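**Student:** Have a look at this one.
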Amino acid sequence: MSDNAEQAEFWNGRMGTAWVNVEDYIDRMMAPLTAVAFDAVNAKPGDRIIDIGCGCGTTSLSLGASGAEVWGVDISTAMIDRAKEKDNAAGNVAFSVADAASQAYSADHSLAFSRFGVMFFADPVKAFANIRSALVPGGRLVFLCWQLPAANPWLSIAGAALQPFQPADAPPPDPEAPGPFRFGVPEDTRKVLGSAGFTNIKLQAVVKDLHLGDTVDEVMRFQSNIGPLSGLLETLDESRHAEATAAVRDAFAAKADSNGINLEASTWLVTATNG
Ligand SMILES: C[S@@+](CC[C@H](N)C(=O)[O-])C[C@H]1O[C@@H](n2cnc3c(N)ncnc32)[C@H](O)[C@@H]1O
């Protein structure tokens, strides 16, 4: 069994389909964060970029618009199938279903990029050492990851609203388990990347208000596909589904104003060098 079998199952199951359902919403919502990461990448013709955990491929294709050669790698077949449907007329963007942590790479890439796709490795040091093996000497790593939940009301608000529905004996989350907040603590990220052989490791806080939607209905479409509500509904007794959904809806409705629903998102823009 591969290190990441559990995550492969997760992203090839309900979550892969859910992500495809709301990919346009995600790309629109993430745009202010993506723009900062793309500035750091500064892609240009001649670059050879791997997009790690590329999902449905929007970031790979955007980077490819610079003329760079881009390879989007993702463990989810549904998401890569969706990426392959998109317009790639220039033919400089390729997509593969692969585990980025164990894929055998040739050491001829100038940059490894990721928008929220590197927090799901069972053994992050091993995974990042493998990703580093894809880079030329001096090649760069640039990725966005989430800060801890307290700094991310756009995500934590639903979790807080659902707290009364969680089983009383639910164990506290393991901060080192694969998941969206795996690299929320900078010292740990530095340790992981340093152990994987990266140098010149820098973390820059990137904080933006995200426009979650004009209406609560729009937000709820996302929430019912992805996020704590969607996960909880899988395990919660059906008689409590409506109550849990209403709790999340009310929490977002309380944040709505004439500009819709806008909440703060805090990320780290992580950069590092191979050698
Ligand atoms: C939070 S999503 C981000 C997707 C995309 N980068 C975006 O911004 O829309 C995380 C992605 O990482 C992928 N992923 C998780 N573990 C992976 C692994 N070991 N190798 C490759 N992709 C992986 C998932 O399938 C998923 O597409």
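The values are calculated or read from the model by the stated rules, or taken from the named source; none is laboratory data. Everything quoted here is computed from the prediction, not taken from an experiment. Here Cβ is always computed from backbone atoms with ideal geometry, including for glycine, and neighbour counts include all displayed protein chains. The area values use the complete protein model at the heavy-atom level, side chains included, leaving out ligands, DNA and RNA. Shrake-Rupley method; radii C 1.70, N 1.55, O 1.52, S 1.80 Å.
**Student:** When the residues of segment 137-183 are filtered to those that are touching a strand residue (DSSP E or B) at 6+ places or on another chain (Cβ under 9 Å) and part of a loop (DSSP other than H, G, I, E, B), which remaining residue is nearest to the ligand (Cβ to nearest atom)?
**Tutor:** Going through the qualifying residues, I end up with Pro180.
**Student:** May I pose another question? Return yes or no: is Ala40 in contact with a strand residue (DSSP E or B) (Cβ under 7 Å, 6 or more places away or on another chain) and either more than 22 Å from Leu141 (Cα to Cα) or more than 10 Å from the ligand (Cβ to nearest atom) (or both)?
**Tutor:** yes
**Student:** With near the ligand (Cβ under 9 Å from one of its atoms), within 25 Å of Phe128 (Cα to Cα) and touching a strand residue (DSSP E or B) at 6+ places or on another chain (Cβ under 7 Å) as the only criterion, which of Gly53, Gly16 stands out?
**Tutor:** Gly53 is the lone residue from the list that is near the ligand (Cβ under 9 Å from one of its atoms), within 25 Å of Phe128 (Cα to Cα) and touching a strand residue (DSSP E or B) at 6+ places or on another chain (Cβ under 7 Å).
**Student:** Here's another thing I want to ask about it. Hey, can you tell me all the residues within segment 222-245 that are of a type in the set (S, T, N, Q) and open to solvent by 30 Å² or more (accessible area, probe 1.4 Å)?
**Tutor:** Ser224, Thr235, Ser239, Thr245, listed by residue number.
**Student:** Is at least one residue of segment 207-217 over 19 Å from Ala151 (Cβ atoms), out of contact with any Pro (no Cβ under 6 Å at 6 or more places or on another chain) and open to solvent by less than 60 Å² (accessible area, probe 1.4 Å)?
**Tutor:** Yes, segment 207-217 has at least one match.
**Student:** Okay, moving on. Is it the case that segment 172-185 has a residue that's surrounded by fewer than 16 Cβ atoms within 10 Å (Cβ to Cβ), within 21 Å of Gly16 (Cβ to Cβ) and hydrophobic (A, V, I, L, M, F, W, C)?
**Tutor:** Checked segment 172-185: at least one residue is surrounded by fewer than 16 Cβ atoms within 10 Å (Cβ to Cβ), within 21 Å of Gly16 (Cβ to Cβ) and hydrophobic (A, V, I, L, M, F, W, C).
**Student:** Given (1) assigned to a helix (DSSP H, G or I); (2) open to solvent by less than 20 Å² (accessible area, probe 1.4 Å); (3) within 30 Å of Ile49 (Cα to Cα), where does Gly194 come up short, assuming only one miss?
**Tutor:** All conditions pass for Gly194, except number (2).
**Student:** Kindly state which helices (runs of 4 or more DSSP H) lie completely within segment 1-44 and contain at least 1 residues that are farther than 20 Å from Met119 by Cα, open to solvent by less than 30 Å² (accessible area, probe 1.4 Å) and in contact with a Lys or Arg (Cβ under 9 Å, 6 or more places away or on another chain).
**Tutor:** 23-41
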